[in-house]
Amino acid sequence: MDADPPRSDAAAAQPAGTPRLIGLDWGSSALRAWLLGDAGRILARRESAAGALGLDADGFHAALLALCADWLEAWPRLPVVACGMVGSREGWREAPRVRAPAGFEQLAAALLAFDEALGRPFRIVPGVMARGQIDSPDLMRGGETQVFGALRHRDGLFVLPGTHSRWVEVRGRRIVALRTYMTGEIYALMRRHSTLARMCTDPDDSPARQADALRAFDEGVDHAAAHPGSLTHLLFTARTEALLEGLAAHQVPAYLSGLLIGTELADAAAWSPHDLVPTLVARSELSSRYAHALHRLRVRARVADGDSAAAGLYALARHAGLLDAA
């Protein structure tokens, strides 16, 4: 599978520093890569749409070369550390998960060596498994690296919006609990494949349309917070409002998003410890929606740096002694 052309601020330029590590955050739908120097300083960054779930067994190597071939050629001994779905059963090589409570040391000790893939030190970060509310396993891959990159020497409650949104509790610098919500996936299914699909259009960039969408989003958040156990009924109100012209087509996706995110926040508020301030990890449009919804519900929250995964990858590589040979 051909990867999309990499997006980079200076793809062919020489970095202003000595490279120590190539870090990869290889998720379901995208591949992000960083060239990291001393102290984890980002020397260059790239991204493609070559997500792990869109590749077959032979596609991972080609996708990585399409994005980073010049880095790999220029620094043939530079180690590579990857996190995310690249280490899943459907990924390049499965990395067994560690069980919570799991600290940084357990994660670093369980890095999977896959050196033969690239002819250099190549490690895949294991995911984390915790017991869920109904004693079923809850899982994540990639989120653990972002959390430890954002930790900054304090305990906390970390929120990772995405296709599968995760809330991660850290105590004593160890992940002790996590809770996963299929918020993003359900939104995509409803938006594209439900009876709502024909009633939805995305708003254009005009201030009026954007304001209309934001009002619809807020209404969805409010309804979900007031009736957190009524999600399936509330989802149907998106259809009735569209049919009876209570919502314009460009407002329906925002209302749907508000219902789903509001329901997640209401449940997470009941599940999570009240002594920890939520920290949103990664800066994105989706994270901005979560921040807006949290503010609307009067929940104080912080926002972590958008490159938390890069910081976590560098810290794991340093702890594992990979940087000594770079």
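The values are calculated or read from the model by the stated rules, or taken from the named source; none is laboratory data. None of these values were measured; they are calculated from a predicted model. Please note: Cβ atoms are built from the backbone with ideal geometry, for glycine as well, and neighbour counts cover all protein chains shown.
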Residues that are part of a strand (DSSP E or B) and either loosely packed, with under 13 Cβ neighbours inside 10 Å or modelled with pLDDT of 50 or more (or both), drawn from the stretch 3-32: L21, I22, G23, L24, D25, W26, L31, R32
Strands (runs of 3 or more DSSP E) contained in the stretch 73-166 and holding at least 1 residues not assigned by TED's automatic domain parsing to the domain that holds A320 and not polar (S, T, N, Q): 156-160
Yes/no for A293 being aliphatic (A, V, I, L, M), in a helix (DSSP H, G or I) and either surrounded by fewer than 17 Cβ atoms within 10 Å (Cβ to Cβ) or at positive phi (or both): no
Residue that is crowded, with 20+ Cβ neighbours inside 10 Å, under 26 Å from the mean Cα position of the chain (by Cα) and not β-branched (V, I, T), where the choices are L259, L189, L231, L276: L259
Filter result for the condition that a residue is over 25 Å from R298 (Cα atoms) and surrounded by fewer than 17 Cβ atoms within 10 Å (Cβ to Cβ), over P207, P203: P207
Hits in the stretch 158-207 (condition: of a type in the set (D, E) and in contact (Cβ under 8 Å) with a residue 24 or more places away in the chain): E169, D202, D204
Selection within the stretch 31-85 - under 12 Å from L21 (Cβ atoms), in contact (Cβ under 8 Å) with a residue 60 or more places away in the chain and of a type in the set (D, E, K, R): R77
Residue match in the stretch 255-272 (condition: touching a Pro at 6+ places or on another chain (Cβ under 9 Å), assigned to a loop (DSSP other than H, G, I, E, B) and farther than 17 Å from V221 by Cα): yes
